Each structure stands twice: as structure tokens, then as C-alpha cells.
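Values quoted throughout were computed directly from the atomic coordinates according to the rules given, and no laboratory measurement underlies them. If you're wondering where the values come from, they're calculated on a predicted model, not measured in any experiment. Ideal geometry is used to build each Cβ from the backbone, glycine not excepted, and the neighbour counts take in all protein chains shown.
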Amino acid sequence: MDLGIKGKRALVCASSRGLGYGCAKALAEAGVDVVMNARRPDVLAEAAKTLRDLTGAEITEVAADITTDEGRAEVLAQAGDIDILVNNAGGPPPGLWSDWDREDFIKALDANMLTPIALIKALVPGMIDRGWGRVVNITSQSVKAPIPQLGLSNAARTGLTGYVAGTSRQVAGKGVNINNLLPGIHDTDRAEALDGPVAKSKGISLDEARAARAATIPAGRYGTAEEFGAMCAFLCSQHAGFIVGQNILLDGGATNATI
Ligand code: NAD
């Protein structure tokens, strides 16, 4: 299917690895020029080279922490006019509901709620002026069904979801579509970072912890960054103009709900 976005320009935050990389790859394959961002210049440069070699797309790299004011300013300065924004950043650490203090919450809110909101505020006005834009926020299945040990994520991402629900309906008439993608368990560094402590606490291997978690997913496996990227690219396509403020779950059926 031709996604109809060849020649558009996208900013994909936190995209040297994992789900962000999957989105950057799918967009580059659709002929989109991609601004990639991550904190480590060496890892980012390697990912950008891989995508350039693979797709021939114009790839710009900006190494910066997207969750800081300075990092965002640098990314925005180099990004220029952006038609497609994919918001992403690392997720908050796991813990118990009683573990976290104010600073932990502020950090989580900064990374997973206020950063995407700041980038929406910075880039959507230009999209409105040009009469076309797409925003996809990578959130989490924890928005639909809370994950007990990820209280910081549950809280911050639900806040973003509320903001998007109201904002997306205010800009839809201007040709700008904002939606959220909710990953369940995907095979990335983040999944390994969460499986590691489980393996340790249960005295089992990482592979055993992973197999046990995969068995809880009706699809019987973890999702891939490629599958995730393909859905992201579709939401950024010309065909997605009637999809507004939706929360699309990619979890292999793990969330047991009718709707
Ligand atoms: P990951 O750890 O595999 O990759 C994260 C990417 O983000 C890397 O490229 C890293 O360099 C970059 N990054 C992290 N923090 C950054 C920052 N402050 N500034 C710039 N770049 C930064 O993570 P992932 O699995 O791809 O997950 C992406 C998001 O989706 C995370 O917020 C995660 O919590 C969430 N999520 C993931 C899963 C999963 O199973 N993988 C499930 C639910 C939610």
C-alpha cells in the first residue's frame, strides 16, 4: 500500500533503538525524511547509517536528551518544519506504589507527559499552517490496564492521554491527526530491563522469565519493533485522516477486554 507520505518530514524521538527505531524505519521506507534522536551519539549514528543504507531516505541525527528543555531546543532547532511527530522517550523505572516521592513523579511526568506535550505545542502550529500533520505518541498498554509495578508510567501516560483526547479534537479540522499507540510487551531493551529483575527475584534465567511472560500473551510471543513501526507509519499516512484521538493497543491480546 502506498502510504502517500513520500517527501514528508518526520521527527521520531528516542529512535536509535527499540520501538522508536521501528517507527523511524517504517517511515523512512515510506519515503519520509526522518530526523532521528537519542542520547548517545555513537548508537544514534550507527542507527542513522543503517537506515540511510537501507532506505536511501534523508536522515538527520540529533543527539540530545529529549526530556530536557535544552535537548528539545536543540532537536527543534535542527528539525526545521516537521509534518510528522512521533513522541517517545525511555519509560520510568518499576517499583512499589509506596516507593516514589515527588521528585520521582516529576521526572516521570517530565519524560512521559510534559515532553510530548511540549513538542506538540512546538510543532502542531506549523502543521496547522501547512494544513496537514500527524502526531503519534508512544504510550503503553498501562493506559488501558494498569501495570502494578509501573505506577509512575501508569500515572504519567494517563495524563498525556487525557491531554491528547481534548487536543486532538481541536486540531482535527485543520488537517492534523493526533493518536496514541499503546505497546504491550515488545522485544526491545526495555522488555529485557523489566524481565531481568523478575528473573533475579524468582531465581530463574532470563529466558525462563521471558518464556513465562510470553505465555501470558494470547499471541504467545513478544511483539516486534517492525510490527509496531508498520502501525505507526499507517497512522502517519494519508489513509489515517479520519482517525482522531484514538488509543490503539498493540499487545498480542494481553489486555483482556471486549473494547
Ligand atoms: P528501549 O529502551 O528499547 O529504547 C528506547 C530508545 O529511546 C533508545 O533509542 C534510547 O536511546 C532512547 N531514549 C531513551 N531515553 C531517551 C531520552 N531521554 N532522550 C532521547 N532518547 C532517549 O525502549 P522501547 O522498548 O523501545 O520503549 C519505548 C517506549 O515504549 C518507552 O517509553 C517504554 O516504556 C514504552 N513501552 C515499551 C514496552 C515494551 O515492551 N518494549 C511496553 C510498554 C511501553
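Observations, loosely collected:
- Using θ = phi - 60° and Karplus 6.51 cos²θ - 1.76 cosθ + 1.60, couplings along the stretch 209-219 (whole Hz; Gly, Pro as x): 5, 5, 5, 5, 6, 4, 5, 7, 9, x, 5
- Between VAL32 and GLY7, the built amide H atoms are under 5 Å apart, and every one of these is 5 or more places off in sequence or on another chain.
- Loop chymotrypsin sites (Phe, Trp or Tyr not before Pro), the stretch 40-138, which have at most 15 other Cβ atoms in a 10 Å radius of their Cβ (DSSP): TRP97
- Highest-MSF residue in the chain out of GLY245, GLY166, GLY91 [GNM, Cα springs under 10 Å]: GLY166
- Distant-in-sequence amide contacts of VAL176, defined by a placed amide H-H separation under 5 Å and a gap of 5 or more residues or a different chain, comprise GLY133.
- For the chain, the longest principal axis of the C-alpha atoms and the axis of helix 41-55 are separated by about 60°.
- In order along the stretch 230-236, the Karplus-derived 3J(HN,Hα) couplings, from 6.51 cos²θ - 1.76 cosθ + 1.60 at θ = phi - 60°, round to 5, 5, 4, 4, 5, 5, 8 Hz, and Gly and Pro are given as x.
- Full extension of the segment from ILE259 to ASP104, taken as 0.36 nm per residue of separation minus the current Cα-Cα distance, would add 52.6 nm.
- Cα pair count fraction exceeding 23 Å, expressed as % - the stretch 61-205: 41
- The stretch between ASP2 and LYS200, if pulled fully straight at 0.36 nm per residue, gains 66.7 nm over its current Cα-Cα span.
- Close Lys-Lys pairs in the stretch 42-201, where close means Cα under 27 Å and separation is 8 or more or interchain: 5
- Cysteines having no other Cys beta carbon under 4.7 Å from their own, within the chain: CYS13, CYS236
- Loop-resident sites, the stretch 205-244, for trypsin sites (Lys or Arg not before Pro), counting at most 16 other Cβ within 10 Å (DSSP): ARG221
- Degrees between helix 18-29 axis and first principal axis of the chain (Cα, 0 to 90, nearest 10): 30
- Net charge of neighbours whose Cβ lies under 12 Å from the Cβ of ALA122, counting Lys and Arg as +1 and Asp and Glu as -1: 0
- Helix 69-79 and the longest principal axis of the Cα set of the chain meet at an angle near 40°.
- Choice from ILE117, ILE84, ILE138 with maximal GNM fluctuation in the chain (Cα, 10 Å cutoff): ILE117
- Loop-resident sites, the stretch 76-146, for trypsin sites (Lys or Arg not before Pro), counting at most 16 other Cβ within 10 Å (DSSP): none
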